[in-house]
Amino acid sequence: MADHYYSSKPSVEHERRVVEAELRGIRFAFVTDAGVFSKQGVDYGSRVLIEAMDIPEQAEVLDVGCGYGPIGLTAAKLAKSGHVTMIDINERAVELAKENARKHGISNVRIEQSDLFAAVQGQSFDVILTNPPIRAGKETVHRIFECAEQHLRPGGSLWIVIQKKQGAPSALAKLETLFEQVTEVCKDKGYRIYKAQKI
């Protein structure tokens, strides 16, 4: 079977590079590699989510499917007095995210390899962020939404980016079965940002 960015142990040969990005006015230089999502640079959907997400300074945040770290590490910079947990099934992505956290002097993070929410059982969060792995299939994406609802504190919110052509309408319908309040925060070039709040 061919490797995907949601493989737990990519076997594709390494192809390390550094990609630069400015996110929320912060300059980053991320180390990326073959076998991880968007290795050429921070993808447009993640950028839209990062610009839209509301991260309180003291928030406990979870980044699901963190890849090499752009969403979670930006959140950690915004949650100066808070903490960010970053999880991904992809071992190579997790090691890159750890390297990128060290490289940028970001210490208020914990980065773990995890199949969905396995590494955070029993924990709850104020904010959960995800650019879900669409290619893993609708069932996996909807399971992320279900687990997020279980791991949010009352008043907490799940922030999602999803393309209209890759299932935004069905994602919205699923979110509305799980959460009392779902808002389309913005749309940009076919991407939708949804905020689902647990009352």
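Observations, loosely collected:
- Which listed residue, of G69, G45, G35, G25, is under 11 Å from L96 (Cβ atoms), out of contact with any Pro (no Cβ under 8 Å at 6 or more places or on another chain) and among the small types (G, A, S): G69
- When the stretch 37-58 is limited to residues that are in contact with a Leu (Cβ under 8 Å, 6 or more places away or on another chain) and closer than 14 Å to F125 by Cα, the one that is surrounded by the most Cβ atoms within 10 Å (Cβ to Cβ) turns out to be I55.
- Test: V18 is among the β-branched types (V, I, T), at pLDDT below 95 and farther than 17 Å from I111 by Cβ: no
- Of the residues making up the stretch 165-180, at least one is open to solvent by 60 Å² or more (accessible area, probe 1.4 Å), at pLDDT 95 or above and over 28 Å from S11 (Cα atoms).
The values are calculated or read from the model by the stated rules, or taken from the named source; none is laboratory data. Treat the numbers as computed from the prediction; the structure is a model and nothing was measured. Neighbour counts are summed over all protein chains in view; Cβ atoms, including those assigned to glycine, are modelled from backbone coordinates with ideal geometry. Just the protein is used for accessible areas: all its heavy atoms, side chains included, with ligands, DNA and RNA removed. Shrake-Rupley method; radii C 1.70, N 1.55, O 1.52, S 1.80 Å.
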